[in-house]
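What follows is a short report on a single structure.
The values are calculated or read from the model by the stated rules, or taken from the named source; none is laboratory data. Model, not experiment: these values are computed from the prediction. Cβ placement follows ideal geometry from the backbone for every residue including glycine, while neighbour counts extend to all protein chains displayed. Note: accessible area is taken over every heavy atom of the protein model, side chains too, but ligands, DNA and RNA are not part of it. Shrake-Rupley method; radii C 1.70, N 1.55, O 1.52, S 1.80 Å.
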Amino acid sequence: MKQLGKITLSLLKAIGFFIWFLFSFIFMESPTLAYIICDNETRNNVNICHHVLVLIIGCLVGFVSVYPLYKKVNGTPIWSVKLSIKNLLISFGFTILSTLIESIIGNVLKLGSSNDNDLIRLLHTQLGAIVFFTLVISGPIFESMLFQGSLQGGIFKKLNLWLAILLTSLLFAFAHGYELSWSTFQLFISGLSFSLIYLITKDIKMVIFSHGLLNLIIWIFRFF
């Protein structure tokens with residue numbers, strides 16, 4: 001009976017963390033609301049102050065939803081690991097390798113996305129700076145804390161090391177890709193790269209750096 005109670009408690013705890021994770025992921029995406037065109041706006045005629053305000057509120061909401069979960073299940077202060085050239089080089093190397101693999105897959109299979117094209121077009125408008133900020137700064141921060149920080153380094157830390165990495169990478173891919181496809185596999189490669197960086201460096205800042213750099217490289221190539 002006592003054992004059953006422990007199992008039930010563990011199950012309820014797991015369900016609770018899953019619900020918390022789900023809501024954190026949803027609210028984490030709130031900064032992207034800043035580059036949604038309102039009904040009375042066009043791409044070249046927008047209320048910048050309105051969009052900046054939405055971005056600021058979205059970032060605050062994203063941080064408040066994600067950081068408490070990270071702090072609860074991971075417990076490692078973001079600045080606990082000192083910056084080092086070695087970790088930066090590891091992060092940079094995995095980023096370049098991941099970019100090359102994804103680029104080869106994309107070119108061979110001629111993959112494309114209408115959503116990517118929409119973002120590219122927005123980068124050429126007055127909302128370009130806001131789109132750039134969410135892709136290269138706020139998005140990588142929140143997603144790294146949620147997936148590698150909260151899942152791999154928190155909720156999954158009692159699992160087998162490689163199983164935790166695999167699950168984290170799969171959840172990262174399907175959270176962005178939503179379906180079984182080669183595009184989702186590309187996202188899995190990104191997630192795997194971030195998880196390996198976190199495994200080796202034990203520094204969430206390096207994951208954030210890699211995620212932001214990868215997004216920057218991808219959008220530079222597509223922007224120009």
>> Condition first: open to solvent by less than 50 Å² (accessible area, probe 1.4 Å), over 16 Å from Leu146 (Cα atoms) and either touching a Phe, Trp or Tyr at 6+ places or on another chain (Cβ under 9 Å) or not β-branched (Val, Ile, Thr) (or both). Can you find one or more residues in segment 62-81 that meet it?
In response: no
Flagged pairs (Cβ under 7 angstrom, 6 or more apart or on separate chains; first in segment 86-102, farther than 10 Å from Leu213 by Cβ; second surrounded by fewer than 16 Cβ atoms within 10 Å (Cβ to Cβ)) are Ile90/Ile200
Note on segment 158-188: residues without any contact (Cβ under 8 Å) to a residue 12 or more places away in the chain and farther than 19 Å from Ser98 by Cβ are Lys158, Leu159, Asn160, Leu163, Tyr178, Glu179, Leu180
(request) Could you please let me know if Leu151 is touching a residue at least 60 places away in the same chain (Cβ under 8 Å) and under 16 Å from the mean Cα position of the chain (by Cα)? (result) yes
Taking segment 15-46 and keeping only residues that are assigned to a helix (DSSP H, G or I), over 17 Å from the mean Cα position of the chain (by Cα) and touching a residue at least 12 places away in the same chain (Cβ under 8 Å), one is left with Phe17, Ala34, Tyr35
* To do: Could you tell me whether segment 82-96 includes any residue that is farther than 22 Å from Phe18 by Cα, open to solvent by less than 100 Å² (accessible area, probe 1.4 Å) and either touching a Cys at 6+ places or on another chain (Cβ under 8 Å) or not in a helix (DSSP H, G or I) (or both)?
  => yes
